[in-house]
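Okay, structure first, notes after.
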């Protein structure tokens with residue numbers, strides 16, 4: 001097992017306790033793409049910060065590759081190399097004068113040689129679709145929002161993590177920047193076999209990208225399963241103030257009105273084909289009745 005959370009409880013402010021997580025048990029295997037959803041305050045961000053030791057649970061254990069990451073706090077630097085966390089609006093964390101220096105910050109901090117740092121920076125920028133020669137000497141503050149976001153992600157990738165955690169990575173991006181970012185996540189998952197944990201309030205992103213969806217509510221795991229299994233629980237999600245993906249809602253409404261369509265489709269092209277096929281079925285049914 002790659003990551004395992006056992007009986008996790010986390011409380012903020014012990015003098016006036018606020019329970020952020022309660023009775024969390026979760027297993028994540030190598031190569032999974034986890035979509036983590038839930039309304040604001042449901043515990044999503046707290047949970048992912050436990051995974052690489054930024055927070056220590058009040059109770060319970062977090063294991064990475066069988067090792068309790070909080071048993072020996074000195075090993076956390078190694079854990080954080082393997083589990084990279086990209087915060088919401090990561091470009092706010094850019095601070096070096098050039099793109100190359102910013103991406104090299106992590107490798108430099110863990111003591112890699114100048115030659116290895118330069119190699120890592122080139123590789124990481126290439127992964128996120130930014131040409132090294134074109135961008136290395138540019139100020140990160142003069143880039144577009146989407147480019148800044150990719151530079152920040154490159155800084156995490158330069159440490160060559162096994163797990164990439166992203167907290168609302170597409171927030172604030174225009175449609176083009178958002179699509180480029182989602183294409184990057186697909187590439188990292190499918191081609192590099194990175195395990196990805198994505199927090200997003202955009203249900204369409206989660207439905208399209210994730211192999212498993214985990215739903216948080218009031219600090220607990222309320223639902224989990226494939227996108228089809230989770231998003232077919234529309235009434236349960238509504239009770240948790242969560243929306244269905246737009247395509248799922250459209251297909252669900254059409255099915256309720258009598259159109260014979262599946263509701264577990266998350267691609268626009270496949271949804272179109274499903275609706276057309278449903279219309280043809282109705283047309284054939286009408287023709288057979290008139291004959």
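Name the residue, out of 268, 244, 159, whose mean-square fluctuation peaks in a Gaussian network model built on the chain with Cα pairs under 10 Å. Result: 268 has the largest fluctuation of those listed. Averaging 1/r over each pair of different alpha-carbon atoms in segment 208-247 and inverting the result gives 10.4 Å, the Kirkwood hydrodynamic radius. Dimensions of segment 3-227 along the principal axes, based on C-alpha atoms and rounded to the nearest Å, stand at 49, 40, 34, largest first. Placing R0 at 25 angstrom, the Cβ-Cβ distance between residue 110 and residue 193 gives a FRET efficiency of 0.65 after rounding to 0.05.
Helix 99-109 versus the longest principal axis of the chain: what angle, 0 to 90°, nearest 10, using Cα atoms? Here the helix axis deviates by roughly 70 degrees.
A Gaussian network model of the chain, with springs between Cα atoms under 10 Å, assigns the largest mean-square fluctuation among 136, 281, 44 to 281. Across q = 0.20 Å⁻¹, segment 81-132 modelled as identical point scatterers on its alpha-carbon atoms has Debye log10 I(q)/I(0) values of -0.77, in the order of the q list. Starting from the Cα of residue 179, move 7 Å in the Cα-to-Cβ direction to define the label point; list residues of segment 241-270 whose amide nitrogen is under 17 Å from there. Residues 267-270 fall inside that zone.
Once the Cα atoms are used to define both axes, helix 268-290 deviates from the longest principal axis of the chain by about 10 degrees. Residues 16, 217 in ascending order of nearby Cβ atoms (within 10 Å, fewest first): 16, 217. From helices alone, the chain scores -13000 deg cm²/dmol at 222 nm; the rule is -39500 (n - 2.57) for each run of n ≥ 4 DSSP H residues, then divide by the residue total.
Residue exposure proxy: 261, 230, 103, ordered by other Cβ atoms within 10 angstrom of their Cβ from fewest to most, comes out as 261, 230, 103.
P(r) of segment 108-261 in 10 Å steps, Cα pairs, percent per bin? Answer for segment 108-261: a P(r) of 9, 33, 29, 18, 9, 2, 0 percent. Stokes-Einstein diffusion for segment 1-115, with the hydrodynamic radius set to the Kirkwood value over Cα pairs and evaluated at 37 °C in a medium of 0.692 mPa s, equals 205 µm²/s.
The coefficient of translational diffusion for segment 160-231, derived via Stokes-Einstein from the alpha carbon Kirkwood radius under 4 °C and 1.567 mPa s, stands at 99 µm²/s.
In segment 245-291, the convex hull through the Cα atoms has an average projected area of 3.0 nm², a quarter of its surface area. Calculated from the alpha-carbon coordinates, segment 92-176 shows an Rg and a Dmax of 12.2, 38 Å respectively.
Since every read-out is calculated from the coordinates, none of them should be taken as a lab result. From a predicted model like this one, the values you see are computed outputs, not experimental measurements. Positions of Cβ are generated from backbone atoms using ideal geometry, with glycine treated the same way; all protein chains shown enter the neighbour counts.
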